[in-house]
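Report on the following structure.
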Amino acid sequence: MMKKEQLFMSHAAHETGAIKLLHSILPTLLLVSMIILSACSNGDSLNFKSADDALTYYQNFLGNVKTMKSSNTSTFCKEAIKWRETSDTVFHYLMKDSVFLKDASCAGRFAAIHDSIRFEFLRLTETWRYSYEDVLKIKEQTSSFHNDKELQEAVNEAQPFFLALDSIPMIDGNKPTILHKYRQLLRETKVNGVNNKKDMLDFIGKEDIIFRSFLSHLYEMDKEPLADITQETESICRNIFLAAKDGKINARDAMVYMSMRTVRRLLQNSTVCITDINQQQMKNKAQGNAYLWMIIQPFISIDQFSIATLTPQERSQFNYVISQLPKSTKFAKTFDIDQRALNYLLPQQLLKMYVLTL
């Protein structure tokens, strides 16, 4: 049997895996969706005369970042956005002339400058006491999809479907009953397949009821082997994206609905963990650590695309998580860390993790 902390980590990784599937398992699907939804960059707005000219421009940006001795949320966002735009501009120029394919040293130089800039941004995370709210704001404002009108239209179209799920009651049953029904749904979905948008929405809707019911018994799940549920769910997600790749489901619908599904689940999980901590005593240190991991998962697993699909209701949920984490000594005691680490050092580490994805 898996250790308790492994079981909880596996449950939390469940959603991390879904995010990875969403953005990396199917390059073709992602490319199509990025073409449909991606925010505009400044592209080739600069008139570089050569690859060396473009790389020198990128090197100069690195020099400017090195001169920054301090930062705050506003300046961090501003410079991170500037970094993305500069990187895109230089990269597009080099790709246009196929420089990366012709000159390995050029590609290496670009990568070295990019890594050095990332190192400087990691340094900047230590020049300000960033809070959980700061981390969320930075992720929102520096997303490539921030203010993407086409994506927002797609989210607005999907939002009524997810809002309607809130009115559907959970299953009335004990832990064994819920787990049986959860596994039954996954088996039936695997057998029947997800072959169109209707099938996808039917699965998301039924899964939502089961998942909320599952979370109502989360405190009791510390000794349950859940790896099969994780694996089966990831397999179904993979099949949904394969169906989109094959044209059975619109690529934009697959990206948006599945992203919103995963964000919803991550925040539901996080808020239930907070409720449990406020109302119950953790059974042991392993359970407390596992709960902390699940609470902070939205900060880790909600990436640039997914964060742009947040609905106002989910943003409110995120605000609740943010307000609760540093609220009292009980949380620090539960997670076996001191108050300063909970309030400042953990947000700093979350911001560092985000920088490493840029």
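The values are calculated or read from the model by the stated rules, or taken from the named source; none is laboratory data. Nothing here was measured: the structure is a model prediction, and the numbers come from that model. Backbone-built Cβ (ideal geometry, glycine too); neighbour counts: all protein chains shown. Surface areas here come from the heavy atoms of the whole protein model, side chains and all, with no ligands, DNA or RNA. Shrake-Rupley method; radii C 1.70, N 1.55, O 1.52, S 1.80 Å.
Figures for the structure shown
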| quantity | calculated |
| --- | --- |
| Angle in degrees between helix 27-37 and the longest Cα principal axis of the chain, rounded to the nearest 10 | 80 degrees |
| In degrees, nearest ten, helix 312-324 long axis to first principal axis of the chain (Cα) | 80 degrees |
| Acute angle (nearest 10 degrees) that the helix 227-245 long axis makes with the longest principal axis of the chain, alpha-carbon atoms | 50 degrees |
| Förster-model FRET efficiency, 25 Å R0, residue 163 and residue 220, C-beta, rounded to 0.05 | 0.30 |
| Karplus-derived 3J(HN,Hα), 6.51/-1.76/1.60, for each residue of the range 186-200, Hz, glycine and proline x | 5, 4, 5, 5, 4, 5, 7, x, 10, 10, 7, 4, 4, 4, 4 |
| Cα gyration tensor shape of the range 171-318, rounded if a/c is under 1.5, else prolate or oblate by comparing a/b with b/c | oblate |
| The range 146-203 and the range 292-313: distance between their alpha carbon centers, rounded to Å | 18 Å |
| Angstrom value of the Kirkwood radius, inverse mean 1/r, which spans all Cα pairs in the chain | 22.0 Å |
| Percent of C-alpha pairs per 5 Å bin, the range 109-148, short to long | 6, 19, 17, 22, 20, 13, 3, 0 |
| Structure-based [θ]222 nm, the chain - -39500 (n - 2.57) summed over DSSP H runs of at least 4, per residue, nearest 500 | -23500 deg cm²/dmol |
| Largest-first principal axis extents of the Cα set of the range 248-358 (Å) | 49, 30, 25 |
| Surface per residue (accessible, 1.4 Å probe) for the chain, Å² | 46 Å² |
| Heavy-atom accessible surface of the range 54-95: percent carbon and sulfur, 1.4 Å | 52 percent |
